[in-house]
Each structure stands twice: as C-alpha cells, then as structure tokens.
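Participant: Just passing along the structure, written as structure tokens.
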Amino acid sequence: MRSSLMIAMAALGFASHPAYAGPTEDLARTCNACHGVNGVSVGPSMPSIGGLPEAYLKNLMLQWKSDERYSATMGRHFKGYTEAELSALATYFAKMPWVPVVQKADDKTLAQGKAASDRCETCHGATGGTPDDAETPKLNGQWADYMHLEMMKYRTEAAKMPHKKMRGNAKKLEEADVEAVAKYYAAQPK
Amino acid sequence: MSFNRREFLKTLTTSTVIVPLTACAAPSGGKSGGSSGKARIVVVGGGFGGATAAKYLKMMDAGLDVTLVERNKTFVSCPLSNEVISGHGKYEDLQAGYDGLMKRGVNVMFDDAVAVDAAGKSVKLKSGKTLKYDFLVLSPGIDFNYGGVAGYTEALANTTHPHAYKAGPQTLALKKQLEGMQDGQTFVISVPPGPFRCPPGPYERASQVASYFKHHGKGKCKVLIADANDSFSKKGLFEQAWKMHYPGMIEWVAGAAGGKVVKFDAKTNTASSDFNDFKGDVVNIIPPHHAGKIAMDTGLANDKGWCTVDMLTMESTKHKDIYVVGDSTVHGELPVYGAPKSAHMANTQAKVAVGAIIAKINGVAAPEPFFVNTCYSIAEKDWGFSVVHIYRAKDGKLIYDTKAGGISPVTMADESLLKLQRKLESEYCIGWFKNIMADAFA
Ligand SMILES: Cc1cc2nc3c(=O)[nH]c(=O)nc-3n(C[C@H](O)[C@H](O)[C@H](O)COP(=O)(O)OP(=O)(O)OC[C@H]3O[C@@H](n4cnc5c(N)ncnc54)[C@H](O)[C@@H]3O)c2cc1C
C-alpha cells in the first residue's frame with residue numbers, strides 16, 4: 001500500500017530503509033552526497049538513480065570501470081570499486097522505488113518536446129516511464145538539465161557512448177528540440 | 001525499524017551471535033546513559049561533517065539520543081562562496097538552517113561548546129549547561145593562526161580586510177571590495193602553508209576574481225597569488241584555464257620564489273615575504289589554519305595543530321569515544337594534506353564515524369570504511385573540473401587508490417570533447433552542491 005504521500009516522503013529521504021544490505025549499503029551511503037538519499041537527486045544537473053532498471057545500471061557502471069564509456073566524473077570513481085561491488089550497487093539501487101521529480105515547463109515547450117519525442121517512443125514509451133527493455137532507462141521525472149547534458153554526450157561524436165541506436169536517435173534530433181524533449185520527459189509523472 | 005536494525009547488526013559482524021540493539025544498550029556502565037537508557041551522542045559543530053553525522057546517526061538508528069551543538073542558527077557554505085564573490089552565484093543559495101535535522105529528531109542546541117571533559121565525558125556550553133555523552137563527535141572545522149602573518153588580526157578580518165575563508169559576512173565584504181575596484185588595479189591573494197581547507201580554494205578564487213574583471217570591463221586588472229607553497233591542487237588544469245580565459249591576468253608566485261607572506265601592513269595594503277613586497281588595491285590574506293579551537297583545547301591535536309584519528313573509524317587517538325571528522329583531522333597518507341580538507345571528505349568521514357559508533361555501541365566490529373572525495377572547481381562559466389580521491393582499508397591501513405581518482409583530463413583527443421568535459425563538470429558542480437547540502441541538512 002504505497003500512498004503518494006509515502007512516495008513524496010521517499011523523495012525527501014523519510015521513507016523507512018530497506019533492510020540493511022551489508023557492505024553494499026555502506027558503499028551506497030557515499031553515493032547520497034551526489035545522487036540524493038535513496039537515489040533521488042535534488043540537484044537538477046545530477047541524475048536520480050534509485051529505481052532505474054538493474055541491467056541498465058549494471059551496463060553503465062561496468063562500462064565506466066572498464067573505460068568503454070565516456071563520463072566526466074563517474075568513471076574516475078568506479079575504477080576504485082570491484083566489479084562485484086558495482087553489480088551489487090546496481091541491484092541495490094534498482095530495488096528502490098523510482099521517484100519522478102515532476103518539473104514544470106510552459107505549454108509551447110511541452111508541445112515541441114512531445115512532437116520531437118516521436119522517434120523516442122518505441123524504446124522509452126510515450127512518456128518515458130515504460131521502457132521497452134531492461135537496458136533502457138526511465139526518463140519520466142528525471143532531471144531535465146541532466147538529460148539535456150546527457151543528450152550532449154550522445155551528440156558529441158568524440159565522446160565514447162557505446163549504444164549505437166540511442167546515439168543515432170540523439171543525433172537525428174534538431175538542436176532546437178534537444179532541450180524541449182528533455183523538458184517534456186521531465187514533466188511526466190508516469 | 002527494529003527489524004532493520006537487527007539486520008544491520010547481523011551483517012556488521014561475521015559471527016552469528018545476535019547482539020542487543022543499540023537503543024536499549026547503555027554502554028560504559030550506563031550511568032551516563034540518560035533517563036531512558038539510550039546511548040547519548042553529542043555532536044559539536046553543525047557544518048558539513050557535524051550535520052551529516054547527526055543526520056545519519058538518526059537515520060541509521062532512530063533510537064539514539066542525538067544532540068547537535070552549533071553556534072550559528074544559519075549555516076553558510078564555503079563551497080560555491082567564491083562564485084558569490086564574483087557575482088556568479090547567490091549568497092542565499094549558500095545558506096541552510098537546522099529544521100531538517102530537528103524534524104529527524106536531532107536535538108539542536110544553538111550554543112557554543114567551550115570545554116570538553118574527556119575523562120568525565122561531558123561538554124560544557126557557553127550558556128552554562130553541561131551535556132553528558134557516551135560518544136562525542138567533533139566537527140568544528142578550522143580556526144586561524146593570525147600570528148602566522150604579523151600585522152594581520154581577527155579585528156582586521158572582521159572589518160577592512162576579510163579573509164572570507166569562513167563563509168558569512170566576510171564573503172559579502174570581499175565581494176563589495178572587488179566590485180569597488182577600478183580597471184588596472186591589483187587583487188592580491190596570499191595563500192598560507194598547507195594544509196589548509198579546500199586545497200584548490202585560493203586558485204578557484206583567483207579564477208573567479210579574474211572572471212569578474214573580464215565580464216565587467218576591468219580587463220586590465222591583475223590577480224597576484226603570493227603562495228607559501230611550491231605547487232598546488234589541479235595546477236595544470238588551473239594554468240590551462242588561466243591561459244585560455246584570462247591571458248596575462250593571473251600571476252602566481254611560488255614559495256620558493258619568495259611568495260610566502262609573513263607580514264602585512266594594513267595602512268599601505270602591502271603583504272610581504274622575506275624577499276618581496278606585494279602591494280595591492282585589495283589584499284586578501286588567507287591566514288594559516290589549525291584544527292577548530294575546541295578540538296585543540298581538548299588536547300586532540302598533534303604538534304602541527306591537527307587531530308590524529310584512527311584512520312578506519314575516525315576515533316581520536318588521544319581520547320576514547322571521541323570521534324573527530326572534517327577539516328580538524330589529519331587523515332590518510334597523501335603528502336602534506338592527508339585526505340583533502342573538503343566538504344565532501346567531511347561528509348564521507350562523518351558516515352564512517354557513524355557506522356563505527358553504532359557498531360561500538362553494539363559491541364561488534366566496525367564496518368569496513370570507504371572514503372570518497374570529489375572537489376569541483378569552476379574557473380569560468382562553462383569551465384569546471386575536478387579531482388577525485390578514493391580511499392579504502394587494506395590490512396588495517398587506509399590506502400589511497402591510485403588506480404582510481406585523479407584529476408579531470410588536461411588534454412583530450414578532440415577539442416569538442418574537452419569543451420564538453422569542462423561544461424559538464426561546471427554543471428555537475430552545482431548539482432553536487434545541492435545534493436550534499438541536502439545530504440547534510442535536509
Ligand atoms: C572558499 C572555499 C571554497 C570551498 N569549496 C569547496 C568545494 O567546492 N568542495 C568541497 O568539498 N569543499 C570546499 N571547501 C571546504 C569546505 O568548506 C570544508 O572542508 C568543510 O566545511 C569542512 O567541514 P567541517 O564540518 O569540518 O567544518 P565546517 O563546515 O566549517 O563546520 C564547522 C561548524 O562548527 C561550528 N563550530 C565550531 N566550533 C564550535 C563550538 N565550539 N561550538 C559550537 N559550534 C562550533 C561552526 O560554527 C561551523 O558551523 C571550501 C572552503 C572554502 C574556504
């Protein structure tokens with residue numbers, strides 16, 4: 001019985017904790033400084049990570065450790081963790097509820113973003129909340145600023161981003177639509 | 001909750017013995033255990049280390065009796081205060097109150113801790129009250145050794161010559177002085193011998209001051225850094241940024257080149273080393289630091305003025321059941337600094353201390369500690385970079401992991417990627433700040 005109040009409380013970090021998960025929880029506590037308690041970020045340029053699909057989280061974290069994927073900061077962290085620790089952390093955060101932080105945007109931007117999201121729908125779902133497979137992240141209520149920056153990575157040829165299809169789709173977007181589509185997904189509660 | 005706590009304890013130890021729960025187990029004879037027999041923990045200093053410790057103590061065991069003693073009702077963050085001086089950030093965004101901690105059940109007392117009786121396990125407050133504790137966490141930050149620069153005084157710092165190295169009114173005073181400068185004038189920053197808080201701080205400040213000049217038609221102004229040290233944090237990254245964004249505007253004088261300021265004459269606005277006089281229109285003296293006064297007075301510091309701790313638990317090596325976190329400590333094996341004195345380090349140390357205290361209350365071994373630090377700096381709009389440190393325990397020692405961490409790349413294969421990298425980290429810096437403020441205070 002998870003009421004919306006409880007979800008709001010989870011966002012603030014008031015939710016009761018899942019049972020102590022051993023050393024993984026000790027490691028996970030250090031992530032809070034950048035990603036928020038329970039993986040719900042309060043800083044628009046930093047992603048929420050609690051409740052993202054396990055396979056997606058594992059992909060990113062292991063790709064960062066092995067230098068197969070570009071990052072500005074995160075890769076330098078993950079070289080200090082073992083693969084087993086990273087897998088356990090992915091499992092730990094995937095078990096948390098996804099708490100969308102619904103952000104407002106003006107109608108014109110939302111309409112522009114929705115139109116531009118046509119080509120994204122097959123994989124991310126109409127509102128970003130129903131990804132079609134376990135390696136695709138949720139976008140609904142993710143921070144718009146973060147997604148905008150993430151799209152810049154996919155659109156920069158020299159940045160190593162291994163997912164070819166996502167990169168292809170990102171590049172096909174008109175420059176003017178990038179921000180609008182990020183704001184569109186950020187505004188979706190579901 | 002009790003189920004969670006039991007789970008926590010079970011996994012803390014490899015033994016299968018189920019130990020009693022925290023809140024019911026009054027340690028050390030129980031006399032000081034409070035009316036309900038709860039373990040009593042006093043935290044002194046509600047900055048990045050202390051606020052995080054108080055919050056996580058309550059979060060990990062709601063049954064603990066946690067009191068936070070802090071002298072100011074509103075905390076003002078040093079991180080991002082250089083950006084406020086330059087006008088790129090807002091002062092209000094640096095502030096946090098203590099309502100969040102109160103809501104979590106922390107007993108917040110706005111008072112000044114004036115003495116610790118380590119043998120009797122109590123803290124005396126300025127108001128006259130005495131707090132008994134089973135465990136004490138000290139995170140008082142730093143205090144200044146004004147004697148390190150003859151002629152520079154606390155009175156000057158609070159009036160005409162702010163150091164602005166504790167954020168607050170002095171941050172705004174320095175900002176005002178900067179805004180009053182005319183094109184062609186010189187801003188002098190004097191950097192004390194290490195260790196000091198925020199190793200990249202003075203150089204980020206120099207960058208922000210130059211950014212202010214550049215964007216306000218004062219491009220002929222100069223920033224002169226008179227440094228007691230011969231190198232500095234993220235030097236390659238800063239020098240690249242200065243060359244690119246502020247060519248000819250920032251000059252750095254190393255200690256070996258006579259940069260170590262030992263006296264200051266406020267009348268002529270001249271800071272002097274044994275070899276050089278640095279005359280400025282604004283002179284920003286950052287005095288040498290030592291551990292927070294209360295930690296010094298308690299006898300927790302070594303002869304260099306920093307508190308030595310068990311690297312794996314943050315417990316003082318001088319007094320049992322006192323844990324010291326944050327800037328006051330010397331911790332880790334990096335030369336000069338140990339672990340850097342940063343908000344992020346204080347936050348991560350506080351979490352380790354909390355884990356160790358809860359384990360100790362319950363008579364089990366402390367969990368394996370893990371320390372992570374990231375210091376972002378913003379040198380110019382869309383131009384940020386960072387240094388990352390990961391520390392782990394190995395064979396009972398704290399080891400800096402050289403395979404991880406390190407600074408942002410100075411050069412990259414492609415110009416567009418370098419620009420993206422700097423842009424991303426300038427944005428992530430702000431996101432980090434919002435989250436770490438919430439992690440400590442919300
Ligand atoms: C200009 C500048 C920029 C910086 N930028 C960054 C950055 O970008 N990233 C980063 O990670 N770090 C940065 N830092 C460093 C960071 O501010 C410190 O490392 C951090 O504040 C240390 O936390 P602390 O808990 O040890 O001390 P503080 O945060 O200073 O907290 C100490 C608290 O204790 C209180 N106190 C002290 N003594 C007593 C007493 N006797 N009784 C009651 N209360 C007491 C004080 O009022 C204060 O609130 C910067 C510092 C400066 C100066």
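Participant: Can you find a residue that is out of contact with any helix residue (DSSP H, G or I) (no Cβ under 8 Å at 6 or more places or on another chain) and surrounded by 22 or more Cβ atoms within 10 Å (Cβ to Cβ) anywhere in segment A:51-59?
Facilitator: no
Participant: For segment A:135-152, name all the residues that are crowded, with 19+ Cβ neighbours inside 10 Å and more than 14 Å from every other protein chain (Cβ to nearest Cβ).
Facilitator: Taking segment A:135-152 first, the residues crowded, with 19+ Cβ neighbours inside 10 Å are A:136-151.
Those that are crowded, with 19+ Cβ neighbours inside 10 Å and more than 14 Å from every other protein chain (Cβ to nearest Cβ): A:Thr136, A:Pro137, A:Lys138, A:Leu139, A:Asn140, A:Gly141.
Participant: May I ask you to list the residues in segment B:303-326 that are under 17 Å from B:Gly49 (Cα atoms) and in contact with a His (Cβ under 8 Å, 6 or more places away or on another chain)?
Facilitator: Of everything in segment B:303-326, those that are under 17 Å from B:Gly49 (Cα atoms) and in contact with a His (Cβ under 8 Å, 6 or more places away or on another chain) turn out to be B:Trp306, B:Val309, B:Met311, B:Met314.
Participant: Would you pick out the residues in segment B:204-227 that are open to solvent by 10 Å² or more (accessible area, probe 1.4 Å) and hydroxyl-bearing (Ser, Thr, Tyr)?
Facilitator: B:Tyr212
Participant: Could you grab me the full set of residues in segment A:153-183 that are surrounded by fewer than 18 Cβ atoms within 10 Å (Cβ to Cβ), aliphatic (A, V, I, L, M) and within 11 Å of chain B (Cβ to nearest Cβ)?
Facilitator: Selection gives A:Ala158 alone.
Participant: Counting only residues that are buried (at least 17 other Cβ atoms within 10 Å of the Cβ) and within 7 Å of chain A (Cβ to nearest Cβ), which one in segment B:402-425 is farthest from the chain's Cα centre (by Cα)?
Facilitator: Taking the candidates together, the pick is B:Leu417.
Participant: Would you point out which residue out of B:Asp310, B:Asp277, B:Asp281 is within 23 Å of B:Ser81 (Cβ to Cβ), open to solvent by 30 Å² or more (accessible area, probe 1.4 Å), in contact with a strand residue (DSSP E or B) (Cβ under 9 Å, 6 or more places away or on another chain) and away from the ligand (no atom under 13 Å from the Cβ)?
Facilitator: None of the other options fit; the residue is B:Asp281.
Participant: May I ask you to verify whether B:Ala257 is of a type in the set (Gly, Ala, Ser), more than 14 Å from chain A (Cβ to nearest Cβ) and either within 13 Å of the ligand (Cβ to nearest atom) or within 19 Å of the chain's Cα centre (by Cα) (or both)?
Facilitator: In short, no.
Participant: Also, I was wondering about something else. Which residue is nearest to the ligand (Cβ to nearest atom), if the candidates are limited to segment B:112-132 and must be in contact with an Asp or Glu (Cβ under 8 Å, 6 or more places away or on another chain) and of a type outside the set (A, V, I, L, M)? Give the steps one after another, and end with the answer.
Facilitator: So the first thing to find is which residues in segment B:112-132 are in contact with an Asp or Glu (Cβ under 8 Å, 6 or more places away or on another chain), and the list is B:115-116, B:121, B:123-127, B:129.
Within this subset, residues satisfying the condition of being of a type outside the set (A, V, I, L, M) are B:121, B:124, B:126-127, B:129.
On the way: B:Lys121: 17, B:Lys124: 10, B:Lys126: 8, B:Ser127: 11, B:Lys129: 12 Å.
So, considering only residues that are in contact with an Asp or Glu (Cβ under 8 Å, 6 or more places away or on another chain) and of a type outside the set (A, V, I, L, M), the one nearest to the ligand (Cβ to nearest atom) is B:Lys126.
Participant: What residue, among those in segment B:135-150 that are open to solvent by 20 Å² or more (accessible area, probe 1.4 Å) and either free of Cβ contacts under 8 Å to residues at least 40 places away in the same chain or farther than 23 Å from B:Gly259 by Cα (or both), is farthest from the ligand (Cβ to nearest atom)?
Facilitator: Per the criteria, the residue is B:Gly147.
Participant: Cβ contacts < 6 Å: first residue among the acidic types (Asp, Glu), restricted to segment A:63-81; second residue assigned to a loop (DSSP other than H, G, I, E, B) and open to solvent by 50 Å² or more (accessible area, probe 1.4 Å), any location; separation 6+ or different chain. Result?
Facilitator: Hits for this filter: A:Glu68/A:Pro162.
Participant: Would you confirm, using the coordinates I've provided, whether A:Met61 is facing chain B (nearest Cβ under 7 Å) and at pLDDT 95 or above?
Facilitator: no
Participant: A further question on this structure: Which residue is nearest to B:Asn72 (Cα to Cα), if the candidates are limited to segment B:151-177 and must be without any contact (Cβ under 8 Å) to a residue 12 or more places away in the chain and assigned to a loop (DSSP other than H, G, I, E, B)?
Facilitator: Step by step, filter segment B:151-177, then rank; the result is B:Thr159.
Participant: Filter segment B:364-379 for residues that are more than 10 Å from every other protein chain (Cβ to nearest Cβ), part of a strand (DSSP E or B) and either over 18 Å from B:Leu420 (Cα atoms) or open to solvent by 10 Å² or more (accessible area, probe 1.4 Å) (or both) and give the result.
Facilitator: Matches in segment B:364-379: B:Cys375, B:Ile378.
The values are calculated or read from the model by the stated rules, or taken from the named source; none is laboratory data. Owing to the predicted nature of the structure, the values given are computational and were not obtained by experimental measurement. Please note: Cβ atoms are built from the backbone with ideal geometry, for glycine as well, and neighbour counts cover all protein chains shown. Side chains are part of the model used for accessible areas, which takes the heavy atoms of the whole protein and leaves out ligands, DNA and RNA. Shrake-Rupley method; radii C 1.70, N 1.55, O 1.52, S 1.80 Å.
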